[in-house]
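For reference, the structure discussed in these notes is given below.
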Amino acid sequence: MQKMMCRECEGKGYVSVEKVACKKCKGTGKIRSFTVGEVSEKSLMDMVEGGGVCPVCGGTGKVERRIPCPVCGGKGEVGVCKVCGGEAPLGQDVCSECSKKKVVYALDPVCDVGDIRIGMLLSGIVSSKTDFGMFVMLNPSVRGLMRKTNYEIGDRVVVRVKNIHPNGNIDLEPVNINDYRVVELEKPVEKVSIDSLSSKVGTLVGIEGEVMGVRQTQGPTIFTVADETGSVQCAGFEGAGVRAYPHIDVGSVVRIVGDVLLRNGALQLEIRSIKRLWGEEALIVKEKLREALEKRCTPPKIEFLVKSEYLEKLRSRMEKVAKELLVCAYTSRPVIIRHHADADGITAAVCIEQALLPIVREINGKESSYYLLKRSPSRAPFYEMTDIVKDLSFALEDQERYEQKLPLIVLVDNGSTLEDVPALRYTRMYGIDVMVVDHHHPDPEVDEYLLEHVNPAHVGADYNITTGILCLEIARMINPSITDTIMHLGAVSVLGDRAEGEEAKKYLELALEKYSEDELKNMALAVDYLSYWLRFSEGRHIVNDVLNLSGRPERHRKVLETLANDAKVAIEKSVEA
């Protein structure tokens, strides 16, 4: 039930304050006797020191009494009339004026014949005309027959239910009525949390949540809706490729009634009814979701794979990056990972990609990994105008065509220098957040354009802590379960950038437990060589094959051997030339 602040008392719950005689001292201001057990030690000492002054009224003999508001009864809030939108007594749906009018029911889209009773007054629309009467649509799935034919198709009419036949056919008769109120008749449906939907397959349920994303397919419109327990894809169909429920957009707080189904092995709610919530109802849903997101997106406190004072000093910044990326995954916000097209940049970006992919797919569906998470190489060792123009163009087009949110851009193995500033200026113009994870020497001017900046130079370290090392640990903060899968990528980045130093050696030693040094060097070489041919393409699957992330070890071995050999031949030819 919706509530609003009482205008009579402005939410205070009382309309005036009056002075009345103190009951404790009977208006004298003094207390001549008392029972020790009835007063606290402090009050007793105050009375002794004050010469018997009444502790309730402070010796004035008067106390304040608030006069409760007659409209809200002292609550400070009233209900909202479902008919006129004015004030209604708390706990009631209609105000006193509207309650005097006759009730005409408008059937909720979920209602069926079982929710209708003989004698009910219903609102409907004349949908077709026959020789024996006119059909009136009472909602998208319920209609009745009215014998009168002096109406036009499309006319809204008030009808009385005359009879309901055993086969479900409904007989209606028109009613001439002027002063009435329309009340929506809602079917009582069990409200459930999203995390319980797996046990409700095949049933009709209701959920409440916030719309995190809207995607128009060639068939239905897909709404990603989240509550404090999880998220689910909800399908609304108006027509093939036609936007369903255009009044519902990203950020809307909604109540949905629908059928729980399994589509291609994933849960989906097929929408029968969707309503936007307002006021206190919406605030309650948003607050629960905010608290849940804060808890869900706070990275766990992990132990770094190697001990490093510099990594410890960078921990809070790395956790901030991990948290922002998790928030994007849980709120269906696109992420663009822009990285330098070399072994360090690619392995660093792949670490974050591997951490986020399973989370994005779980929340937003399998196909979402292609439009909510994009990894793009930059040929230059900085974020250049070519990159920002392309990213902006696609982001604005996706916002216009598919109602996507503007992305979060993560610059990896670039983004720290003055060369990046011209492109970063445009991200600020369009309100796009940018984070940087880099190990090149940073220029302070860059920071004003960034949401977060992780760079070893900020804590006194240098280039030898590679971006691959930083992103490996950030990825583990996002998704600790992938540690064993990507642990070797830190060493690949070290060998690709020819890094030295204590941390570089330790990450190499970790990878040598599973791979030989020659295999790791070949991975770095093959990725560098492959990036030349990929140019501006991410090459997700072939890169995964090279780095042994696709789960196909035999194919990894063949692809790695071939690419590494081709790279060595190309190097020899260039040297000879």
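Read-outs throughout are calculated quantities, based only on the coordinates presented, and are distinct from any laboratory measurement. Everything quoted here is computed from the prediction, not taken from an experiment. Counting neighbours? That spans all protein chains shown, and the Cβs are built from the backbone with ideal geometry, glycine included.
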(message) Straight-line reach from K301: which lysines fall under 26 Å, measuring Cα to Cα and dropping same-chain residues less than 8 apart?
(response) K288, K313, K320, K323, K505, K506, K514
(request) First measure r as the distance between the Cβ atoms of F237 and E400, then evaluate 1/(1 + (r/R0)^6) with R0 = 22 Å and state the FRET efficiency to the nearest 0.05. (result) 0.45
(request) At 0.36 nm per residue, minus the direct Cα-Cα distance, what do S393 and K162 gain on full extension? Give it in nm, one decimal, please. (result) 77.2 nm
(message) I need the calculated FRET efficiency for the pair E419 and E280, taking r as the beta carbon distance and R₀ as 60 Å, to the nearest 0.05.
(response) 0.75
(request) Could you please report the charge total around S332, scoring K, R as +1 and D, E as -1 over all other residues with beta-carbon less than 10 angstrom from its beta-carbon? (result) +3
(message) Return the Rg/Rh ratio of the stretch 117-235 with Cα-based radii and a Kirkwood Rh.
(response) 1.11
(request) With a/c under 1.5 counting as rounded, go ahead and sort the stretch 76-119 into rounded, prolate or oblate using the C-alpha gyration tensor (a ≥ b ≥ c being the square roots of the eigenvalues; past the cut-off, prolate if a/b is larger than b/c, else oblate). (result) prolate
(request) Quickly rank 552-563, 476-487 as a protection proxy: mean count of other C-beta atoms within 10 Å, highest first. (result) 476-487, 552-563
(request) With a/c under 1.5 counting as rounded, go ahead and sort the stretch 286-349 into rounded, prolate or oblate using the C-alpha gyration tensor (a ≥ b ≥ c being the square roots of the eigenvalues; past the cut-off, prolate if a/b is larger than b/c, else oblate). (result) oblate
(request) Tell me what the chain gives for mean residue ellipticity at 222 nm when only DSSP H runs of n ≥ 4 count, each as -39,500 (n - 2.57), the sum divided by the residue total, rounded to 500 deg cm²/dmol. (result) -10000 deg cm²/dmol
(request) Let me have the relative contact order for the stretch 194-296, percent, based on Cα pairs under 8 Å that are six or more residues apart. (result) 29 percent
(request) Provide the per-residue ³J(HN,Hα) series for the stretch 493-510, in order, calculated from phi with Karplus coefficients 6.51, -1.76, 1.60 and θ = phi - 60°, each as a whole number of Hz, with x at glycine and proline positions. (result) 5, 4, 5, x, 9, 6, 6, 10, x, 4, 5, 4, 5, 5, 5, 5, 4, 4
(request) Would you mind checking the stretch 217-235 for residues with the amide N under 15 Å from a putative spin-label position 7 Å along Cα→C-beta of A266? (result) 217-226, 231-235
(request) With a point put 7 Å past each Cα toward its Cβ, work out how far S196 is from T298 in nm, to one decimal. (result) 2.6 nm
(message) What three numbers, in Å, describe the spread of the alpha carbons of the stretch 194-296 along their principal axes, ordered from the longest?
(response) 36, 30, 21
(request) Find the centroid of the Cα atoms in the stretch 320-386 and in the stretch 67-141, then give the distance between the two in whole Å. (result) 49 Å
(request) Rank V492, T562, P480 by how far each Cα sits towards the positive end of the charge dipole of the stretch 462-577 (+1 on Lys, Arg Cβ; -1 on Asp, Glu Cβ) and give me just the farthest. (result) T562
(request) Decide, for the stretch 309-515, between rounded, prolate and oblate: order the square roots of the alpha carbon gyration tensor eigenvalues as a ≥ b ≥ c, take rounded if a/c falls under 1.5, and otherwise choose prolate if a/b is larger than b/c, else oblate. (result) oblate
(message) Treating only the Cβ of Lys, Arg, Asp and Glu as charged (+1, +1, -1, -1), what charge dipole size does the stretch 101-185 show about its Cα centre? Round to the nearest 20 debye.
(response) 240 debye
(message) Test of understanding: extend the Cα→C-beta vector of V327 to 7 Å, then name every residue of the stretch 437-451 with backbone N under 16 Å from that spot.
(response) 450-451
(request) Express the relative contact order of the chain as a whole percentage, based on alpha carbon pairs under 8 Å and six or more residues apart in sequence. (result) 9 percent
(message) 7 Å from Cα along Cα→Cβ at both E287 and V103: what's the point-to-point distance in nm?
(response) 3.0 nm
(request) Evaluate the distance, in nm, between pseudo-label points positioned 7 Å from the Cα of M429 and of K23 along their respective Cα→Cβ axes. (result) 7.1 nm
(message) Compute, for the chain, the length of the dipole vector about the Cα centre, with Cβ point charges of +1 (Lys, Arg) and -1 (Asp, Glu) only. Units Debye, rounded to 20.
(response) 3280 debye
(message) At a threshold of 8 angstrom on Cα-Cα distance, excluding pairs fewer than six apart, so keeping six or more, what relative contact order does the stretch 469-577 reach in percent?
(response) 22 percent
